[in-house]
Amino acid sequence: MAAVTLLEARGLTRHFGGLKAVDGVDFTLAEGEIHALIGPNGAGKTTFVSLLCGRIPVQSGSIRFDGADITRMPAHRRVRRGIAYTFQITQVFANLTVFDNVALAVQRRGGHLAEETQAALSRVGLAERAGQIAGTLSYGHQRVLEIAMGLALQPRLLILDEPTQGLANAEIETFKDLVRQIVPETTVLLIEHNMDVVMDLAQRITVLNFGEVLATGTPEAIRANPAVQAAYLGG
Amino acid sequence: MSFGPFLLLALMEGMVTSAVLALAAVGLSLVFGIMRVVNVAHGEFFMLGAVSAWFVSQWVPGPPVVGFAAALILCPLFVGAIAALADMTVLKRLNYEPEATIVATIGLLYILQQAALSLYGPDARPVPAPFNLRVQLPWFGYSGYKIAVVAASAVVLLGVWRLLAKSRVGLVMRATQYDRETARAFGINVDRVYAGVFALGGGLAALAAVLIVPIQQAHYLMGTDPLLLSFIVVIIGGLGSLRGTVIAALLIGLSDGVISTFFAPTLAKIVATLAVALVLVFRPQGLFGRRAL
Amino acid sequence: MSAGARIWALHLAALALLAAGGVLLPAYHLTNFAKVMVLATYAMGYNIAFGYTGLLSLGHALFFGAGLYGAGMLVQHAGAAAGPAAIAGLLAGGAMAGVVGLLALRTQGVAFMIVTLMFAQAGYLTILYNTAWTRGDEGIVIAREARVLLGFDLSADLPRYFAAFALFAAGLVLKLWLVRSPSGRVMIALRENEERSRMLGYDPYARKLAALVISGLYAGAAGAAYGLLFGYVGASLASTQYSILPLLWVLLGGAGTVLGPFVGALLMFYLIDYSSAVTTASLLVVGVALVLLVLFAPKGILGTLRERWLKWLP
């Protein structure tokens, strides 16, 4: 059975002055997959996912999500349609409790507040810390809380921007288990620098370089791709 | 008087307003441009300039021109010192955090205004003009002093421009404006630059007030209008842009002179304030400048 | 006792104390407290925008003035009764906040402060300009006969006190409910981190507009009540000073606390009252208080209490 396409970008472009941050990218996400986005620093990965979730307006090109054109849709409405984004630099509500952070995600989709918030916290192992002020959590716990907020939205597509950055090895293992649990109900798009995590989790990988797609394929194909090797090894 | 000369008179009055306004607004603009501080107490520096000019004119004996000359030098220095003090004791301690800084300058506004009320009293008092010369035009006579005000203001504005564009002090200021931390790394004493800029801004407002006080009288509440007009000028001219500020001051001053001659001044002010609000909403870079807020 | 019960107990106890004050306070303080409660209602509305949603407006006098003149002119020129006039004032405050918000909320931070300041200034000048309707600087004195609500004479000390109390109590209960509700949580989230809130699916513009309109309704109701209870509708009450005062009260009492605006308004009212007996420059305390607060106690009285000891305080 052919995979159902959840998201499709065509000719997606965004320049900042002379910098071609994202330049004519074609990209498809199959429903239920774990897809990793890799590339050297400055390749345009964060800009690209920011275009997908609406944080940055699209210059040209189009985005279809779940059959509808969302190219010009404001970010908050994309979230309502099921695109969740977790920030590269942790952006939890530092002065609110852990509970309130996740409750904000739960209440937006009209979930049962107390129960579902606790459930989302249990899932990531933060249930005991529900009453704590988020800003006083350790860095690793804040990363996890950020992911819990994304999960609590129960998105169709969860975009994780460098989720394992700064996590300890044990925390990374927990994170990988978590991601495996949420597919295939949720499709995952992952920006990641840690190649072990990428090769372990991703079913497909897209490599960006200078704002363009260098290659797309299975982890094996990407590993064997000479262009990718050249870009990464500084060829 | 027929329409032509009437319009000429209105334009000449407008030039006087523009000249004084440009001085006050450039002070506000410098402070915003270099320090990123929106100084709501700027109008009170103007008022202090006028009020202190009255005190100086009382203390200095001899003909009015001596007292006036003394005021022209002493008052901007005095007000500049107060401004520097306010910067060092209050704004610096807030680390120039924008919202806290505005609240603090609102506090400063009340402190200066109420201090003037207690020390100077509620009356409006005139300061004698340094000279009484009447320039006779074919249609009407015109105050020579007012023409001198326009000239003096132009000279000072040129001086400020030279200071910023050509001198070492200006270079240091621009470096600080560009990047505070880098400037500090290059050995620039940022605290001193900030205190100096705030003093310069206050001093320019005071200088504008000394020039206008022989025409307008000194009063403890006189700071409100210059504050509002300076805001209007700075916002329309583009925050932090010296050239835009001067153009906008001319525009506002001249149109204010003309509009107030033919329409009610309150109506003119309503239109101007609404215009400023709408410019900030729809064109935050000002009509002549780049985006700043 | 659960957290919720404790919070409600505290606030209802505060209201009970104020109700008892109506019987216990001497006449002079009765009038003062009535004024403080009306002004505190205004400040509570300001706090919803500033303290909870993070919208630092310098133009709330426009909404207060809309309520004041909305009610006052209806009584003066259309012979309306106090009840409908009060409702008109409430709605005028909300509508004005809606119009200003639609435009001003396109800006943020310092630009938002200046835009609101300018709109309020334009409103104030409009009042001065339309002397035929507003009587300009002089203001409108509302006749005693018009100040009757449900048979009570609002110009008499006791009915006036309890009318002010009813307004304040309603405002307090509504605010406490609002800030503890899911909508209140979103308002606080916007204050803390707008971009994160947006990426949780909330529309910042719409939510901030709603908060500003609620804030305007409070200001409008307080303005209308001020005119009807104290019989005077004047331009000075719509001047910039009346935009600064609620900011000061809220900062003093504690931004983002339910009872803070009342505490701040009460302290500031008496501070100005006492100092005006000593000097004509009584507004000096306003300036000194503002500077000292931003320098040394930016969280205000209740905010500091909450930070140190009473973490549960809403």
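Any residue at all in the range A:111-126 that's more than 14 Å from chain C (Cβ to nearest Cβ), among the small types (G, A, S), over 23 Å from A:Q165 (Cβ atoms) and open to solvent by 50 Å² or more (accessible area, probe 1.4 Å)?
Scanning the range A:111-126 turns up at least one residue that is more than 14 Å from chain C (Cβ to nearest Cβ), among the small types (G, A, S), over 23 Å from A:Q165 (Cβ atoms) and open to solvent by 50 Å² or more (accessible area, probe 1.4 Å).
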Margin query: Among the numbered criteria (1) open to solvent by less than 10 Å² (accessible area, probe 1.4 Å); (2) at pLDDT 90 or above; (3) within 27 Å of B:D225 (Cβ to Cβ), which one does C:L62 miss?
Written below: (1)
Notebook entry, point to check: Quick one: would you say C:M73 is buried (at least 21 other Cβ atoms within 10 Å of the Cβ), facing chain B (nearest Cβ under 9 Å) and in a helix (DSSP H, G or I)?
Noted result: no
Checklist line | The one condition in (1) touching a residue at least 60 places away in the same chain (Cβ under 8 Å); (2) crowded, with 20+ Cβ neighbours inside 10 Å that B:V150 fails to fulfil | finding: (2)
Notebook entry, point to check: Of the numbered conditions (1) within 14 Å of another protein chain (Cβ to nearest Cβ); (2) farther than 28 Å from C:G94 by Cβ; (3) assigned to a helix (DSSP H, G or I); (4) touching a residue at least 40 places away in the same chain (Cβ under 8 Å), C:L245 satisfies every one except a single condition; which is it?
Noted result: (2)
Notebook entry, point to check: Out of (1) more than 14 Å from chain B (Cβ to nearest Cβ); (2) open to solvent by 10 Å² or more (accessible area, probe 1.4 Å); (3) in a helix (DSSP H, G or I), what's the single condition that is false for C:A80?
Noted result: (3)
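Here is a check on your reading of the model: is C:L174 crowded, with 20+ Cβ neighbours inside 10 Å, modelled with pLDDT of 90 or more and away from every other protein chain (no Cβ under 11 Å)?
Details: crowded, with 20+ Cβ neighbours inside 10 Å: no; modelled with pLDDT of 90 or more: yes; away from every other protein chain (no Cβ under 11 Å): yes.
In short, no.
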Check: Assuming C:E145 fulfils every condition listed in (1) open to solvent by less than 20 Å² (accessible area, probe 1.4 Å); (2) away from every other protein chain (no Cβ under 14 Å); (3) free of Cβ contacts under 8 Å to residues at least 60 places away in the same chain apart from one, which condition is it?
Finding: (1)
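Can you say whether C:L103 is surrounded by 24 or more Cβ atoms within 10 Å (Cβ to Cβ) and within 14 Å of another protein chain (Cβ to nearest Cβ), as far as the supplied structure shows?
Details: surrounded by 24 or more Cβ atoms within 10 Å (Cβ to Cβ): no; within 14 Å of another protein chain (Cβ to nearest Cβ): yes.
The answer is no for C:L103.
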Checklist line | Complete set of residues in the range B:67-120 that are at the interface with another protein chain (Cβ under 7 Å from one of its Cβ atoms), open to solvent by less than 10 Å² (accessible area, probe 1.4 Å) and either modelled with pLDDT of 90 or more or under 19 Å from B:I34 (Cβ atoms) (or both) | finding: B:I102, B:A104, B:I106, B:G107, B:Q114
Next item on the list: Could you pull out the residue among A:V207, A:V188, A:V179 that is in contact with a helix residue (DSSP H, G or I) (Cβ under 7 Å, 6 or more places away or on another chain), open to solvent by less than 10 Å² (accessible area, probe 1.4 Å) and in a helix (DSSP H, G or I)?
Entry: A:V179
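Yes/no per residue for (1) polar (S, T, N, Q); (2) farther than 30 Å from A:C53 by Cβ:
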| position | (1), (2) |
| --- | --- |
| C:R160 | no, yes |
| C:N193 | yes, no |
| C:D203 | no, no |
| C:S215 | yes, yes |
| C:Y218 | no, yes |
| C:S236 | yes, yes |
| C:T240 | yes, yes |
| C:L245 | no, yes |
Item checked: Residue among A:L12, A:L51, A:L7 that is touching a residue at least 60 places away in the same chain (Cβ under 8 Å) and either surrounded by fewer than 14 Cβ atoms within 10 Å (Cβ to Cβ) or away from chain C (no Cβ under 12 Å) (or both) -> A:L7
Margin query: Give me the residue from the range A:28-48 that is farther than 20 Å from A:Q154 by Cα and in a loop (DSSP other than H, G, I, E, B) and, out of that set, nearest to the other protein chains (Cβ to nearest Cβ).
Written below: A:G44
Next item on the list: Could you tell me whether the range A:136-153 includes any residue that is in a loop (DSSP other than H, G, I, E, B), surrounded by fewer than 20 Cβ atoms within 10 Å (Cβ to Cβ) and of a type in the set (A, V, I, L, M, F, W, C)?
Entry: no
Notebook entry, point to check: Checking C:A206 against (1) surrounded by fewer than 22 Cβ atoms within 10 Å (Cβ to Cβ); (2) under 30 Å from A:Y85 (Cα atoms); (3) within 16 Å of the chain's Cα centre (by Cα), which test does it fail?
Noted result: (3)
Next item on the list: Hey, can you tell me all the residues within the range B:12-57 that are more than 30 Å from B:E97 (Cβ to Cβ), crowded, with 24+ Cβ neighbours inside 10 Å and touching a Cys at 6+ places or on another chain (Cβ under 7 Å)?
Entry: B:S52, B:A53
Next item on the list: For residues that are facing another protein chain (nearest Cβ under 7 Å) and free of Cβ contacts under 8 Å to residues at least 40 places away in the same chain, scanning just the range A:62-102, find the one that is nearest to A:A134 (Cα to Cα).
Entry: A:L96
Check: If you scan the range C:106-115, which residues turn out to be more than 7 Å from chain B (Cβ to nearest Cβ) and either surrounded by fewer than 16 Cβ atoms within 10 Å (Cβ to Cβ) or farther than 22 Å from C:A66 by Cα (or both)?
Finding: C:Q108
Notebook entry, point to check: Would it be correct to say that A:R64 is basic (K, R) and part of a strand (DSSP E or B)?
Noted result: yes
Margin query: Let me confirm something: among C:V278, C:V186, C:V263, which residue is within 10 Å of another protein chain (Cβ to nearest Cβ), free of Cβ contacts under 8 Å to residues at least 40 places away in the same chain and among the hydrophobic types (A, V, I, L, M, F, W, C)?
Written below: C:V186
Notebook entry, point to check: Among the residues of the range A:40-47, is there at least one that is among the charged types (D, E, K, R) and either in contact with a His (Cβ under 6 Å, 6 or more places away or on another chain) or surrounded by fewer than 20 Cβ atoms within 10 Å (Cβ to Cβ) (or both)?
Noted result: no
Checklist line | Members of the range A:104-127 found to be free of Cβ contacts under 8 Å to residues at least 24 places away in the same chain and either under 17 Å from A:H141 (Cα atoms) or assigned to a helix (DSSP H, G or I) (or both), listed by number | finding: A:Q107, A:L113, A:A114, A:E115, A:Q118, A:A119, A:S122, A:A127
Notebook entry, point to check: Are any of the residues in the range B:7-15 more than 10 Å from every other protein chain (Cβ to nearest Cβ), assigned to a helix (DSSP H, G or I) and closer than 14 Å to B:A199 by Cβ?
Noted result: no
Next item on the list: Consider A:V102 carefully, then state whether it is touching a Lys or Arg at 6+ places or on another chain (Cβ under 6 Å) and surrounded by 22 or more Cβ atoms within 10 Å (Cβ to Cβ).
Entry: no
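The values are calculated or read from the model by the stated rules, or taken from the named source; none is laboratory data. Here the structure is a predicted model, which means the values were calculated and not measured. Neighbour counts run over all protein chains shown; Cβ positions are idealised from the backbone, glycine included. The accessibility values were calculated without ligands, DNA or RNA, using every heavy atom of the protein model including side chains. Shrake-Rupley method; radii C 1.70, N 1.55, O 1.52, S 1.80 Å.
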